[in-house]
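Take a look at the structure set out below.
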Ligand code: CTP
């Protein structure tokens with residue numbers, strides 16, 4: 001009996017998939033089809049798969065060509081399967097030509113002509129329409145963001161706005177965008193969704209205006225610096241049936257989601273303490289330290305540790321204590337925060353003028369989880385137990401600048417096929433409340449004057 005194996009995502013099952021399976025089956029007597037899991041697709045950079053694994057398996061089954069269906073969930077599985085099932089022929093479409101030649105060591109490799117004019121990517125675009133993105137701001141974050149858009153299907157960058165037109169022009173030209181403007185109406189004309197990458201204290205104004213113009217909004221963190229503003233924005237978005245997403249990249253990273261799920265699964269027992277630190281030395285006079293733009297360590301970096309704390313311990317904390325090291329202008333160069341919960345504690349260290357070890361430690365009654373800097377771009381983490389033999393290490397993909405994950409979640413939410421919620425409105429509102437607490441003159445804080453030394 002000649003055994004054939006093939007693999008794919010088989011998303012939005014189409015004619016190309018059907019013809020591939022039909023010809024694969026005809027190559028032998030017994031066909032095995034491997035269908036990829038969502039996590040594996042994400043890990044290999046295939047974002048925005050619409051159908052669930054069960055639906056995709058069901059579609060393959062309905063063709064009647066597969067004698068056996070497998071789930072593919074890790075790198076290296078293909079070779080394992082080829083050996084385990086004693087495969088004679090490995091086959092995939094010609095878009096993969098040459099990529100699997102090294103399997104010839106184990107079996108015959110056949111690339112079948114790909115059916116022209118159809119693909120899941122194309123169908124995703126047709127079924128859901130392309131998100132036409134207008135970008136507000138052309139600074140450092142926007143520069144990093146633009147190249148990441150190309151990795152997500154169903155979205156296209158159309159135009160850049162900056163009141164300083166020269167800056168918009170420069171970024172537009174560098175990314176081959178034809179439209180750049182210093183008039184926001186022009187941006188609205190070309191876009192149905194807006195990404196806000198402007199200074200913190202402009203977010204509220206831009207986001208509200210964009211929502212009132214009927215645009216979906218993806219806004220850099222911190223979304224806003226006041227709780228009532230966050231509530232108002234989410235209220236408008238809901239009323240107008242628009243998507244409002246806070247672009248806190250960590251929340252959307254596959255490794256981070258995995259870490260949070262494991263931490264909450266009870267593996268390390270009840271979580272009693274979360275310590276999270278993030279420091280990044282910047283020069284005096286840098287954008288991050290501009291007082292008039294609400295710069296400083298906490299507004300710049302505080303969202304990352306707070307995100308982990310809120311995910312693990314919730315947003316109903318009992319008390320907060322800030323210790324703040326400020327420069328002559330009152331901008332914080334280093335901030336420590338102690339947060340008390342009913343049955344847990346959390347602490348944060350963020351700094352633009354002090355360098356600490358930037359790790360994340362989650363302590364539970366049964367063990368701890370540790371992720372080292374840059375844990376906010378989660379690539380790996382460990383679980384430590386009393387019995388060290390039980391210790392475990394986890395690895396995850398974090399591709400490029402990692403912004404593609406939040407972009408993908410934004411597109412999926414707009415198109416209504418987002419089943420996973422990476423960041424809730426409640427978490428975004430709680431983050432803005434915390435920013436407000438920090439910036440509020442009346443909040444009790446221990447203030448320590450600190451000279452900014454050269455770095
Ligand atoms: N395939 C094909 N003809 C097409 C599309 C896909 O023969 N027009 C084949 C692929 O080469 C692969 C299998 O079908 O062997 C599963 O492909 P998959 O990656 O799931 O489908 P695509 O439509 O290529 O998906 P995407 O657009 O997301 O890359």
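The values are calculated or read from the model by the stated rules, or taken from the named source; none is laboratory data. Every value quoted in this text rests on a predicted model; they were computed, and no experiment measured them. Here Cβ is always computed from backbone atoms with ideal geometry, including for glycine, and neighbour counts include all displayed protein chains.
How many residues does the stretch 119-138 contain that are over 20 Å from the mean Cα position of the chain (by Cα) and within 15 Å of residue 170 (Cβ to Cβ)?
2
On the basis of being outside any strand (DSSP E or B) and more than 26 Å from the chain's Cα centre (by Cα), does residue 342 make the cut? So that I can check it myself, show each step before the final result.
On the way: outside any strand (DSSP E or B): yes; more than 26 Å from the chain's Cα centre (by Cα): yes.
Against the criterion (outside any strand (DSSP E or B) and more than 26 Å from the chain's Cα centre (by Cα)), residue 342 qualifies.
I need every pair where a residue in the stretch 107-124 that is under 15 Å from residue 26 (Cα atoms) and touching a residue at least 40 places away in the same chain (Cβ under 8 Å) has its Cβ under 7 Å from the Cβ of a residue that is within 8 Å of the ligand (Cβ to nearest atom) and outside any helix (DSSP H, G or I), sequence separation at least 6 or different chains.
From the stretch 107-124, the pairs are 110/91; 112/91; 112/93.
Only one of these is at pLDDT below 95, in a loop (DSSP other than H, G, I, E, B) and farther than 23 Å from residue 278 by Cβ: 441, 386, 453. Name it.
On the way: 386 fails: at pLDDT below 95; 453 fails: farther than 23 Å from residue 278 by Cβ.
So the residue among 441, 386, 453 that is at pLDDT below 95, in a loop (DSSP other than H, G, I, E, B) and farther than 23 Å from residue 278 by Cβ is 441.
Return only the number of the condition from (1) more than 20 Å from the chain's Cα centre (by Cα); (2) buried (at least 17 other Cβ atoms within 10 Å of the Cβ); (3) within 16 Å of the ligand (Cβ to nearest atom) that residue 101 does not satisfy.
So the condition that residue 101 fails would be (2).
What is the one condition in (1) touching a strand residue (DSSP E or B) at 6+ places or on another chain (Cβ under 8 Å); (2) touching a residue at least 60 places away in the same chain (Cβ under 8 Å); (3) near the ligand (Cβ under 8 Å from one of its atoms) that residue 82 does not satisfy?
Condition (3) is where residue 82 drops out.
When the stretch 46-60 is examined, which residues are found to be more than 12 Å from the ligand (Cβ to nearest atom), part of a helix (DSSP H, G or I) and either closer than 22 Å to residue 86 by Cα or out of contact with any strand residue (DSSP E or B) (no Cβ under 8 Å at 6 or more places or on another chain) (or both)? Spell out the reasoning first.
First, pick out the residues of the stretch 46-60 that are more than 12 Å from the ligand (Cβ to nearest atom): 52-55, 57-58.
With the extra rule that they be part of a helix (DSSP H, G or I), the set shrinks to 53-55, 57-58.
54, 55, 58 - these are the residues of the stretch 46-60 that are more than 12 Å from the ligand (Cβ to nearest atom), part of a helix (DSSP H, G or I) and either closer than 22 Å to residue 86 by Cα or out of contact with any strand residue (DSSP E or B) (no Cβ under 8 Å at 6 or more places or on another chain) (or both).
Does the stretch 143-183 hold any residues that are within 16 Å of the ligand (Cβ to nearest atom) and part of a loop (DSSP other than H, G, I, E, B), and which are they?
Across the stretch 143-183, the qualifying residues are 150, 151, 152, 153, 154.
Can you tell me which residue is nearest to residue 191 (Cα to Cα) among those in the stretch 86-98 that are surrounded by 14 or more Cβ atoms within 10 Å (Cβ to Cβ) and away from the ligand (no atom under 12 Å from the Cβ)?
Only one residue tops the list, namely 89.
For the stretch 289-307, check the following and say yes or no: at least one residue is assigned to a loop (DSSP other than H, G, I, E, B), at pLDDT 95 or above and buried (at least 23 other Cβ atoms within 10 Å of the Cβ). Spell out how you get there, then give the answer.
Filtering the stretch 289-307 for residues assigned to a loop (DSSP other than H, G, I, E, B) gives 290, 294-296, 302.
Pick out the ones that are also at pLDDT 95 or above and you get 296, 302.
Applying the additional criterion that residues be buried (at least 23 other Cβ atoms within 10 Å of the Cβ) yields 296, 302.
Among the residues of the stretch 289-307, at least one is assigned to a loop (DSSP other than H, G, I, E, B), at pLDDT 95 or above and buried (at least 23 other Cβ atoms within 10 Å of the Cβ), which makes the answer yes.
Whether any residue in the stretch 361-382 is within 12 Å of the chain's Cα centre (by Cα), surrounded by fewer than 23 Cβ atoms within 10 Å (Cβ to Cβ) and over 18 Å from residue 346 (Cβ atoms) is what I want to check.
Within the stretch 361-382, the first condition is being within 12 Å of the chain's Cα centre (by Cα), and the residues that meet it are 376-378.
From the residues that got through so far, the ones that are surrounded by fewer than 23 Cβ atoms within 10 Å (Cβ to Cβ) too are 377.
Right, trim to over 18 Å from residue 346 (Cβ atoms) and you get 377.
Within the stretch 361-382, one or more residues are within 12 Å of the chain's Cα centre (by Cα), surrounded by fewer than 23 Cβ atoms within 10 Å (Cβ to Cβ) and over 18 Å from residue 346 (Cβ atoms).
Would you please name the residue that is nearest to residue 68 (Cα to Cα), looking only at residues in the stretch 14-45 that are in contact (Cβ under 8 Å) with a residue 40 or more places away in the chain, over 26 Å from the mean Cα position of the chain (by Cα) and not in a helix (DSSP H, G or I)?
Going through the qualifying residues, I end up with 32.
Restrict the check to the stretch 18-38 and report whether at least one residue is modelled with pLDDT under 95, touching a helix residue (DSSP H, G or I) at 6+ places or on another chain (Cβ under 8 Å) and surrounded by 16 or more Cβ atoms within 10 Å (Cβ to Cβ).
Residues of the stretch 18-38 modelled with pLDDT under 95: 37-38.
Narrowing further to those that are touching a helix residue (DSSP H, G or I) at 6+ places or on another chain (Cβ under 8 Å): 37-38.
Narrowing the set further to residues that are surrounded by 16 or more Cβ atoms within 10 Å (Cβ to Cβ) leaves 37-38.
Yes: one or more hits.
Please go through the stretch 214-250 and pick out each residue that is part of a loop (DSSP other than H, G, I, E, B) and closer than 21 Å to residue 310 by Cβ.
First pass over the stretch 214-250, keeping only residues part of a loop (DSSP other than H, G, I, E, B): 214-215, 221-226, 240-243, 248.
Once the filter is applied, which keeps residues that are part of a loop (DSSP other than H, G, I, E, B) and closer than 21 Å to residue 310 by Cβ, the stretch 214-250 yields 221, 222, 223, 224, 225, 226, 243, 248.
Name the single residue that is modelled with the lowest pLDDT among those in the stretch 105-138 being within 30 Å of residue 162 (Cβ to Cβ) and either within 13 Å of the ligand (Cβ to nearest atom) or not in a loop (DSSP other than H, G, I, E, B) (or both).
Residues of the stretch 105-138 within 30 Å of residue 162 (Cβ to Cβ): 125, 128-138.
Keeping just the survivors that are either within 13 Å of the ligand (Cβ to nearest atom) or not in a loop (DSSP other than H, G, I, E, B) (or both) gives 125, 128, 131-136.
Numbers: 125: 79, 128: 85, 131: 95, 132: 96, 133: 98, 134: 98, 135: 98, 136: 98.
Applying the filter and picking the extreme gives 125.
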